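Here the structure is laid out as structure tokens; the discussion comes afterwards.
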Amino acid sequence: MAVSIVMGPGRGRGRLPLLAACVLLCGIGRALEPGPPLCPQRDRFEEELVLKPLSSGDLAADFQFRTRWDVELGPRDASESRVSHYRLFPKSLGQVISKFSVRELHLSFTHGFWRRSRWGQPFLQAPPGVELWVWFQSSVSDVDTTWKELTNALSGLFCASLNFIDSTNTVTPTASFKPLGVINETDHKFLRYAALPREIVCTENLTPWKKLLPCGSKAGLAVLLKAERLFHTNYHSQSVHVRPICRNELCTSTSWELTQSLSVVFDLYASGSGKRDWSLFKMFSRTLTEVCPLASQSTVYVDVTDSDKVNDTHELTPPAPSVLNTTVHGKWRSYAVYNLLNPHLYSTSSHSLNIALKWKLSKQFAIPEVPVFKAERYVSGFGLQTGKINTLVYNNHPYRAFPVLLMEIVPWYLRLYIHTLTITTKGKENKPSYIHYQPARDRECPHLLEMLIQLPAKSVTKIGIEFERALLKWTEYPPDPNHGFYVGSSVLSALVPSRINMEMNTTKLTPLFTRLFTSIDASVYFVRLYTEALLVNLPTPDFSMPYNVICLTCTVVAVGYGSFYNLLTRTFQIVEPSGGVAKKIANVIRRLRGVPPI
């Protein structure tokens, strides 16, 4: 039996035709010979979209793309031969991980701030700007040098200003960030964390992010990622998470897991229709036409928790084939499930799927649900010499207390007075059970403060610390110094008590967004929360004075030196004085009389 395969140019990055040929050969091999296939499938790609109507009238859309790569992890010299062939896992990112011996990588780009009081608890929150934290393998000898080289490589890969990450904004947390994957080495000297709160997220960051997907933006849920629609939203956040996971239940071998998340919040009233009705075409200007052929799971979830079976408040079209009930962040949620691998979902006429929701007239705005755990931060004081950073942490649980781990990173030009640290709860002092403080060094490293604080039930804890503003050199100011200087968000990590019994059955099919932060205790769930970024003004010199001095100096030089140079280089000639008009008239008269002129 002879088989000939013609490889033509493929769309995207050219990986689809090659993989299709491999799948075809595997099928032929199974048909000809019994036993294992010729091309064992070691990769797995899953994608999902969660649509959640918010109580504020907005709509949150969360994309999750998960690529699993079954390859053994190990030191760089031992794993180079094992990671030389790439199938679904992006080669550009895999080479970076292999070269710099990365164990875990977590990178996020965020524009805007998640309003927890109005929108509720997000699946995965990120601070405004850019956040990057990396666990390196124990074989790395010089972590700081490797960290600097890695940030420069990621800067070119994602077209971002990650090359501005240096020692002045890099810290090594001791307790706030733990490995999310399978890591035997937990020595924090191999951990680095940095944030750029001023980084602007744009299309240049979205394009390389989409290129990491196996199908790109040609098929599957990625066809909805239209830049002009995604960035015309109230909130936009995209992230990349790489970690090692167990390949089987006994964890005898490990695999790479790449999770790409994208969250947006659409303002449905901004379109001018004045209605909360939505559809995929209305939000993304596109519909789902075909599933990614490389995806083993492609699902769309629509949050229908507020729906009443007796008196429905909305209508979904097309009707959902099934409904999933699960626990998310300690609460029961109901999701209408659309399996995109089912060809019967697509319209027979247009061969597309446009999920739409229409609210009935009886639907009223829901009261925003008060989150159990939230935090706020602001700067107080007056003048440009001293100030105070205030953080408010809320525990709205009616009867349970829980501890929270707070991490503050303050730039070196805000000189903290650590002896002014105050923590009060219900008018009483609240002493932290753990505190770690690393003082800043001018132009070398920032302040790092980590504290473990107990939050009583139904309480508000206020944390305050005073600081003094430093006077920078005139070359250290940005082009817009009067705009202010950004201070990164505070990071709060806590195991929040759940009000219900959470499901812990790992064999049940669960959405992807519930797998990043796993928990072994059914009574709590992990929450990582970020506060707002601060904008602080520093003493700024009068940058218009050099312009005035230059203008005055140039004027003096031009007038003084010009006059002096003119006197030294000008030549003078003696000119006989003329008699003027009277003399000319007299000479004419004398000439008429025959008398010689004067």
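The values are calculated or read from the model by the stated rules, or taken from the named source; none is laboratory data. Since the structure is predicted, the reported quantities are computational estimates derived from the model, not experimental observations. Every residue, glycine as well, gets a Cβ built from its backbone with ideal geometry; the counts of neighbours run over all protein chains shown. When the accessible area is computed, the model is the full protein with side chains, heavy atoms only, and any ligands, DNA or RNA have been set aside. Shrake-Rupley method; radii C 1.70, N 1.55, O 1.52, S 1.80 Å.
Numbers below:
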{"read-out": "Flag if L529 is closer than 27 Å to Q385 by Cβ and in contact with a helix residue (DSSP H, G or I) (Cβ under 8 Å, 6 or more places away or on another chain)", "value": "no"}
{"read-out": "Candidates Y437, Y486, filtered to the one that is more than 28 Å from I200 (Cβ to Cβ) and at pLDDT 90 or above", "value": "Y437"}
{"read-out": "Selected residue (only one of R243, R247, R276 is out of contact with any Phe, Trp or Tyr (no Cβ under 9 Å at 6 or more places or on another chain) and touching a residue at least 60 places away in the same chain (Cβ under 8 Å))", "value": "R247"}
{"read-out": "Those residues of region 121-140 which are more than 30 Å from S56 (Cα to Cα) and open to solvent by less than 60 Å² (accessible area, probe 1.4 Å), in sequence order", "value": "L132, W133, V134, W135, F136, Q137, V140"}
{"read-out": "Subset of region 189-200 [open to solvent by 20 Å² or more (accessible area, probe 1.4 Å) and part of a helix (DSSP H, G or I)]", "value": "K189"}
{"read-out": "Verdict on L535 being modelled with pLDDT of 85 or more and of a type outside the set (F, W, Y)", "value": "yes"}
{"read-out": "Condition met for T313 (surrounded by fewer than 19 Cβ atoms within 10 Å (Cβ to Cβ), modelled with pLDDT under 85, within 14 Å of V50 (Cα to Cα) and touching a Phe, Trp or Tyr at 6+ places or on another chain (Cβ under 9 Å))", "value": "no"}
{"read-out": "Test: V171 is aliphatic (A, V, I, L, M) and modelled with pLDDT of 95 or more", "value": "yes"}
{"read-out": "Number of the exception - S322 against (1) in contact with a Ser or Thr (Cβ under 9 Å, 6 or more places away or on another chain); (2) surrounded by fewer than 18 Cβ atoms within 10 Å (Cβ to Cβ)", "value": "(1)"}
{"read-out": "Residue count, region 419-455 (criterion: open to solvent by 30 Å² or more (accessible area, probe 1.4 Å), out of contact with any Leu (no Cβ under 9 Å at 6 or more places or on another chain) and more than 17 Å from Y394 (Cβ to Cβ))", "value": "8"}
{"read-out": "Where a residue in region 206-226 is within 17 Å of I355 (Cβ to Cβ) and open to solvent by less than 40 Å² (accessible area, probe 1.4 Å) and its partner, wherever it lies, is among the small types (G, A, S) and not in a loop (DSSP other than H, G, I, E, B), with Cβ under 9 Å and at least six apart", "value": "G220/S298; L221/S298; L224/A61"}
{"read-out": "Verdict on T186 being at pLDDT 90 or above and open to solvent by 30 Å² or more (accessible area, probe 1.4 Å)", "value": "no"}
{"read-out": "Which numbered condition L492 fails, given (1) open to solvent by 10 Å² or more (accessible area, probe 1.4 Å); (2) in contact with a strand residue (DSSP E or B) (Cβ under 7 Å, 6 or more places away or on another chain); (3) part of a strand (DSSP E or B)", "value": "(1)"}
{"read-out": "Pair list, Cβ < 8 Å and 6+ apart or interchain, from region 536-553 residues that are closer than 20 Å to G484 by Cα and open to solvent by 50 Å² or more (accessible area, probe 1.4 Å) to residues that are outside any helix (DSSP H, G or I) and of a type in the set (G, A, S)", "value": "N537/G484"}
{"read-out": "In region 227-254, residue farthest from L49 (Cα to Cα) [restricted to those that are surrounded by fewer than 22 Cβ atoms within 10 Å (Cβ to Cβ) and of a type in the set (S, T, N, Q)]", "value": "T252"}
{"read-out": "Close pairs (8 angstrom Cβ cut-off, 6 or more residues apart or separate chains): over 16 Å from A195 (Cα atoms) and touching a residue at least 60 places away in the same chain (Cβ under 8 Å) in region 129-153, among the basic types (K, R) and surrounded by fewer than 21 Cβ atoms within 10 Å (Cβ to Cβ) anywhere", "value": "Q137/R76; S139/R76"}
{"read-out": "Candidate set from region 280-302 (those that are small (G, A, S) and at pLDDT 90 or above); member that is surrounded by the most Cβ atoms within 10 Å (Cβ to Cβ)", "value": "A295"}
{"read-out": "Some residue of region 141-154 being in a loop (DSSP other than H, G, I, E, B) and surrounded by fewer than 20 Cβ atoms within 10 Å (Cβ to Cβ)", "value": "yes"}
{"read-out": "Test: residue in region 557-571 that is β-branched (V, I, T) and loosely packed, with under 10 Cβ neighbours inside 10 Å", "value": "yes"}
{"read-out": "Contacts under 6 angstrom Cβ, first residue in region 398-411 being within 23 Å of P197 (Cα to Cα) and in a loop (DSSP other than H, G, I, E, B), partner open to solvent by 10 Å² or more (accessible area, probe 1.4 Å) and at pLDDT 95 or above, 6 or more apart", "value": "none"}
